[in-house]
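Data first, discussion second: the structure below is written as structure tokens.
Every number here is computed from the coordinates shown, using simple stated rules; none is lab data. Just so we're clear, the structure is a prediction, and the values are computed from it rather than from any experiment. Here the Cβ positions follow ideal geometry from the backbone for every residue, glycine too, while neighbour counts run over all protein chains shown.
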């Protein structure tokens, strides 16, 4: 791809600044704001008939360029929605203003997933403008609900499966393992979220006049949440680990061979010590073990009442063959068994639920991606890693389109995804464009037999 001159970083950052300025938080933004983000993307895809299509939730952006007869077709996936900002006081700069800070840019969505998506669009536009063609046929599907579990994407994909058909899905979402080496994620964890709702009196009560006479929902919730784990960090929910295979000696050895500085990891997080399920190292737990985490509590405040309701927000990251519905049912049953007297306890399961996903390390798409990265990062080994987070669309594409998903993102896991001060390394924009172009060149020689090698499920 040395024959193509890609846009300079300054040009991409100007576009990214416009994109980041649209506060497309899918949890709280208005439909008008989300539509504005979709319209902005569709305009950037005008060269591929970019358009906005409605769903029962926020719209998706679709586009396609099919001018390479006989070449394979890839579906590029990403998302334009972002996480909430969290506490604005923790941001060094306004979250929806792109700020250049030395070798990085900061702003909500720059790395998850606006920057990684934009670089693909601009790479493709540059290649088409200078070569007059692309090496593969390309379709784009960019959604606005990934950060809330993609609840309305399945219906759209299934209704338009013939139009979205592709030999391979390439996700611009995800992240490389760390900034010091190129990597490809071959797996991502599943997800099921739920709320534990504890209700006491009909309304908040004066803690002096009524204290000691009724059960306190906050106390009850704290007791329930404490009962979700054993003291050694294992999830205490009966049936939670159904479908989780024990790590084989070979897999343990593979993970142990990965260069990983536990002390540096601990120090970077600012915690006094690391903690997790007993019997596993930190990287074992991060890549191959399921988790159950309490993400937040909603109740009362710093005033003297007994809150009438307390809510615990819980998420479970899944691996292997764990079934999200069965996990949710197991947690609900365990919570019911832990419920103390004097309160009513209910578990409300989030609508979006996602199983774990894995692509075979020997799949030809992984091989092509490793070769493309080796071209951009000569002399560096390409690590096969695992995304400890969740990308909801992967298993959907497999079931609805019969296509595997290759993760090929140029975000990095340390770039404060979902946290205040989210950032993106500026150099990743250029590196990403070169690598995506090199990958498409390698995919151009694929045949249907290449796409589904013997023994590899789609």
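Using the number of other C-beta atoms within 10 angstrom as an exposure proxy, rank 25, 87, 195, 112 with the fewest first.
Details: 25 21, 87 8, 195 16, 112 26.
In order of increasing Cβ crowding within 10 Å: 87, 195, 25, 112.
Once you treat every alpha carbon in region 63-189 as an equal point and sum by Debye, what is log10 I(q)/I(0) at q = 0.11, 0.19, 0.22 Å⁻¹?
The Debye formula, applied to the Cα set alone, gives -0.50, -1.24, -1.40.
Pop the C-beta distance of residue 418 and residue 371 into the FRET formula with R0 = 22 Å and round what comes out to the nearest 0.05. Write down the numbers at each step before the final one.
Numbers: r = 32 Å, r/R0 = 1.43.
With R0 = 22 Å, the Cβ-Cβ based efficiency is 0.10.
I'd like the distance separating the alpha-carbon centroids of region 14-50 and region 301-366, in whole Å.
Comparing the Cα centres of region 14-50 and region 301-366, I get a distance of 31 Å.
Can you give the calculated 222 nm mean residue ellipticity of the chain, where each DSSP H run of n ≥ 4 adds -39,500 (n - 2.57) and the sum is split over every residue, rounded to the nearest 500 deg cm²/dmol? Before the final figure, lay out each step's value.
Values: 14 runs with 145 residues, N = 458.
Helices in the chain give a 222 nm mean residue ellipticity of -9500 deg cm²/dmol.
Compute the distance in nm between two label points, each set 7 Å from the Cα along the Cα-to-Cβ direction, one at residue 88 and one at residue 444.
Roughly 5.0 nm, to one decimal.
Could you put 313, 152 in order, starting from the residue whose Cβ has the fewest other Cβ atoms within 10 Å?
Numbers: 313 15, 152 21.
In increasing order of surrounding Cβ atoms, one gets 313, 152.
Going by how many other beta carbons lie within 10 Å of each one, how would you line up 65, 287, fewest first?
Ascending Cβ contact count within 10 Å gives the list 65, 287.
Quick check: the distance between the Cα centres of region 78-123 and region 239-276, to the nearest angstrom?
Value for the Cα centre distance between the two parts: 29 Å.
Just grab the label-to-label distance for residue 273 and residue 315, each label 7 Å out from Cα along the Cβ direction, in nm (one decimal).
In this crude label model, residue 273 to residue 315 measures out at 2.7 nm.
Assuming a viscosity of 1.306 mPa s and a temperature of 10 °C, what translational diffusion coefficient in µm² per second does Stokes-Einstein assign to region 332-403, Rh being the Kirkwood radius over Cα pairs?
Working: Rh = 16.6 Å.
Translational diffusion coefficient: 96 µm²/s.
Quick check: the angle from helix 115-131's long axis to the longest principal axis of the chain, C-alpha only, nearest 10 degrees?
So the helix axis and the longest Cα principal axis differ by about 10 degrees.
Can you classify region 256-361 as rounded, prolate or oblate using the Cα gyration tensor, where a ≥ b ≥ c are the square roots of its eigenvalues, rounded means a/c under 1.5, and otherwise it's prolate if a/b beats b/c and oblate if not?
Numbers: a/c = 2.70, a/b = 1.47, b/c = 1.84.
Here region 256-361 falls in the oblate category.
What ranking, highest mean first, results for peptides 317-323, 100-106, 215-221, 404-410 when packing means the other Cβ atoms within 10 Å averaged over each residue?
Working: 317-323: 19.6, 100-106: 15.4, 215-221: 21.1, 404-410: 26.3.
The most tightly packed comes first, giving 404-410, 215-221, 317-323, 100-106.
Between rounded, prolate and oblate, where does region 125-224 land on the alpha carbon gyration tensor, with a ≥ b ≥ c its root eigenvalues, rounded for a/c under 1.5, else prolate if a/b exceeds b/c? Please list the in-between numbers first.
On the way: a/c = 4.06, a/b = 2.68, b/c = 1.51.
In terms of gyration-tensor shape, prolate.
What is the extension gain from residue 27 to residue 11, computed as 0.36 nm multiplied by their sequence separation minus the C-alpha to C-alpha distance, in nm to one decimal?
Numbers: separation 16, 0.36 × 16 = 5.76 nm, distance 3.02 nm.
So the chain would gain 2.7 nm between residue 27 and residue 11.
Taking the simple approach of a point 7 Å from Cα along Cα-to-Cβ for both residue 297 and residue 259, what is their distance in nm?
With each label placed 7 Å out from Cα toward Cβ, I get 4.2 nm.
What shape does region 179-253 have by the C-alpha gyration tensor, where a ≥ b ≥ c are the square roots of the eigenvalues, rounded means a/c under 1.5, and otherwise prolate means a/b greater than b/c and oblate the rest?
Numbers: a/c = 3.48, a/b = 2.58, b/c = 1.35.
In terms of gyration-tensor shape, prolate.
Considering only the chain, what is the antiparallel percent among its DSSP beta bridges, to the nearest 5?
Details: 45 of 65 bridges.
Expressed as a percentage, antiparallel bridges in the chain total about 70.
Normalized C-alpha radius of gyration of region 98-170, against 2.2 N^0.38 Å?
1.40
Relative to the first principal axis of the alpha-carbon coordinates of the chain, what is the inclination of helix 9-20, with its axis defined by its Cα atoms, in degrees from 0 to 90 and to the nearest 10?
Roughly 40 degrees, rounded to the nearest 10.
Hey, of [x] 1.03; [y] 0.98; [z] 1.31, which did the structure itself give for Cα Rg over 2.2 N^0.38 Å when calculated?
This structure yields the entry labelled [x].
In degrees between 0 and 90, to the nearest 10, how far off the longest principal axis of the chain does helix 364-376 point, with axes built from Cα atoms?
70
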